[in-house]
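The values are calculated or read from the model by the stated rules, or taken from the named source; none is laboratory data. Predicted, not measured: the structure shown is a model, and the values here were computed from it. Every residue, glycine among them, receives a Cβ derived from its backbone with ideal geometry; neighbour counts consider all protein chains shown.
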Amino acid sequence: MITDESVERVREGADIVQIISEHVKLKRVGNSYRGPCPFHQGTGPNFSVVPSKKLYHCFVCHESGDVFTYLQKRLGMEFPDAIRYVAHRSGIVIEEVQRRADARDPRQPLWDVNAMVADWFRTQLWDESTGDEARNYLGFRRISRDVADRFGLGFAPRDPDAMRAHLVALGVSEDTLIEAGLLVKRDDSEELKPRFRNRLIFPILDQSGNCTGFGGRLLGPGEPKYLNSAESPVYSKGKLLYGLHMAKHAIRREGRVMIVEGYFDVVRLVSAGFEWVVAPLGTALTEDQAAMLPRYARQAFLLYDNDMAGLKATFKSGDQLLRQQMSVLVVTLPEGEDPDSFVDKYGGEKLTEQLSGAVDIFERKLNELERNGYFADLHRKRVAIDKLLPTLRATADSVTREIYLARASEVSGVSREVLEREITQMSPRVTASQSARPPAPPPTENSTIVERRMAERRRAPKPVPGIERSFVRILLHDRSHVEQVAEHIGPEELRDPALRDIYRALLAVAPDESLEAVASRLEPESEEVFAELQREPIGEGEEVQRTLAGSIARIRRTAVQRKMDELTRAIRIATPSEQDVLISEKRRLMDDLAALGGGSFKSFDRARQS
């Protein structure tokens, strides 16, 4: 804890003009310095810094305070961190009340080493010839030095030994570098190599301003294009939001938060005056990331890329925010544009126009379903309802949920009562309560035929994710099978979300690409399963082939059964004439299920033997 005497000594000794002029172009006018206000992004000299009073003030938006207030509001620093920052810049030694040795945060060494590496990356970008390519790239993206410095951008050179040599010379151990994820062992080799090479570096800070890790954008050919730090005691991709440490005060002031996909989106929008913007470190928000935002604002604008992947991430993120009782709006940019390119081409005023036309997340989902004809026939209407149900269940605010239910009933033609029943029947709460019931007693000799069949159904082994796990584990260890297997099994046929995500990533990269390329495409919640699968053995020889063929057969049978279940559910909302068609299709699927037969997938067996 910093003593009050130290706080006052730092405040009096600080050169407020020097510190603020690092972010604002100031010009001396009499006894003060004037420039454009950094808080409301003014263009006139309405922002005044008075060195004799150690204060700043804007005559338009009326923001004012001392050097600590400036750092807190402008850069998102916590008060103690602002004091330490100013003390360091002013050459003042501060006094802190000594903590007990065992109270020291064990993460501090990793924060410290990440801060040292961030400084080294910045030096490589601006002061070394090795940073020429990265500087040219920033010029190509029209990112100025001032903007780059505000985000602490840096460059990781190609030299595999430069960073380690620099840090070891400063007394940092290799063990600490490994724990921080800065050095890694690759390709079953004991040789240590830097995780980031030939990449533009984006330091990632937590809400308190601690440097927890990095994101790196590859400057040459190769994959993955973007690479984040590995999970560590201080870095968890699913629990951090890029830019939140800078944006939190602006978010609280605006009463809203804008969520975009990537680093450059944040950099571009902040430089254009939209300081209330953050980005997840994957594609869609995780539950932990969404839970961080309601303490600052209750309204969220989702501004993702306008493509299928972006739309999927939009709806997934929207559900997470609705669980936090937030109001969620979607901004749709012109086709082919992302926030970075749009603002770069058209400026911030055009983005403000887009924000004014934002649509509620549920209305956006309904519009997309209508546009693709999902309400045109009974089959697709059932699918449309299934796509709406997760959002209805996720909506924690009771009034918003009532509005959504009424709107869904209006558009789909399905009664409100049926929709409410569907939500209840399929909700996690009902599933959990059912699983908590005591098991039914086994049938006795006096049981009826129906009772025995029901008991057999309960006892029958259901296709569980264990089969899917074996399937994905084999493909992960022996990726030569992926292309062949993809002809028979699509990602949508896997029920487990993490395994489905990993399988989709395997399909997206070439078999000879690294596992890091696969990992870079995963959602944060899939990474733990991915790591587990790499450690699990798969067996060898014919055993592996039999397991894979059997897994394909089980997954295919499960997929057909699932389609039959969907037909059963569609029959519930169908008219009598529509029911005849659905029942006929269900019989056809029953024939397909019988044709799949035993425990291995014959076409796969024949293909691999030929």
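Here GLU133 passes the criteria (1) within 22 Å of PRO221 (Cβ to Cβ); (2) touching a Ser or Thr at 6+ places or on another chain (Cβ under 7 Å) except the one numbered (2). Against the numbered list (1) modelled with pLDDT of 95 or more; (2) of a type in the set (Gly, Ala, Ser); (3) buried (at least 17 other Cβ atoms within 10 Å of the Cβ), ALA297 comes up short only at (1). The set of residues in the stretch 22-38 that are touching a Gly at 6+ places or on another chain (Cβ under 8 Å) and closer than 30 Å to VAL93 by Cβ comprises VAL24, LEU26. In summary, ARG142 fulfils each of the numbered conditions (1) in a helix (DSSP H, G or I); (2) surrounded by fewer than 19 Cβ atoms within 10 Å (Cβ to Cβ); (3) within 28 Å of the chain's Cα centre (by Cα) with the single exception of condition (1).
Take the stretch 12-55 and flag every residue that is in a helix (DSSP H, G or I) and under 17 Å from ARG74 (Cα atoms). Within the stretch 12-55, ILE16, VAL17, GLN18, ILE19, ILE20, SER21 qualify. Among the residues of the stretch 145-175, those identified as assigned to a helix (DSSP H, G or I) and buried (at least 19 other Cβ atoms within 10 Å of the Cβ) are ALA148, MET163, LEU167.
The lone criterion from (1) within 27 Å of the chain's Cα centre (by Cα); (2) surrounded by fewer than 19 Cβ atoms within 10 Å (Cβ to Cβ) left unmet by ALA118 is number (2). Evaluate the following for SER514: is it of a type outside the set (Lys, Arg) and buried (at least 19 other Cβ atoms within 10 Å of the Cβ)? So SER514 fails the test. When we screen LEU55, LEU125, LEU110 for residues that are of a type in the set (A, V, I, L, M, F, W, C) and in the same structural domain as VAL17 (by TED's automatic domain parsing), the only hit is LEU55.
In the condition set (1) modelled with pLDDT under 85; (2) surrounded by fewer than 12 Cβ atoms within 10 Å (Cβ to Cβ); (3) part of a helix (DSSP H, G or I), GLU410 is compliant with all but (1).
Assessment of the stretch 126-146 against the conditions (more than 20 Å from ARG197 (Cα to Cα) and among the acidic types (Asp, Glu)) yields at least one matching residue. Would a scan of the stretch 52-69 turn up a residue that is of a type in the set (Phe, Trp, Tyr), within 18 Å of ILE94 (Cα to Cα) and surrounded by 13 or more Cβ atoms within 10 Å (Cβ to Cβ)? Yes: the stretch 52-69 contains one or more residues that are of a type in the set (Phe, Trp, Tyr), within 18 Å of ILE94 (Cα to Cα) and surrounded by 13 or more Cβ atoms within 10 Å (Cβ to Cβ).
Taking the conditions exactly as written (within 25 Å of LEU389 (Cα to Cα), modelled with pLDDT under 95, among the hydrophobic types (A, V, I, L, M, F, W, C) and assigned to a helix (DSSP H, G or I)), does LEU285 satisfy them or not? Against the criterion (within 25 Å of LEU389 (Cα to Cα), modelled with pLDDT under 95, among the hydrophobic types (A, V, I, L, M, F, W, C) and assigned to a helix (DSSP H, G or I)), LEU285 does not qualify.
For the residues ILE201, ILE251, ILE178, the requirement of being among the β-branched types (Val, Ile, Thr), in a strand (DSSP E or B) and in contact with a strand residue (DSSP E or B) (Cβ under 8 Å, 6 or more places away or on another chain) singles out ILE201.
Looking only at residues of the stretch 70-97 that are surrounded by fewer than 17 Cβ atoms within 10 Å (Cβ to Cβ) and of a type in the set (Asp, Glu), we find that the one that is nearest to GLY243 (Cα to Cα) is GLU78.
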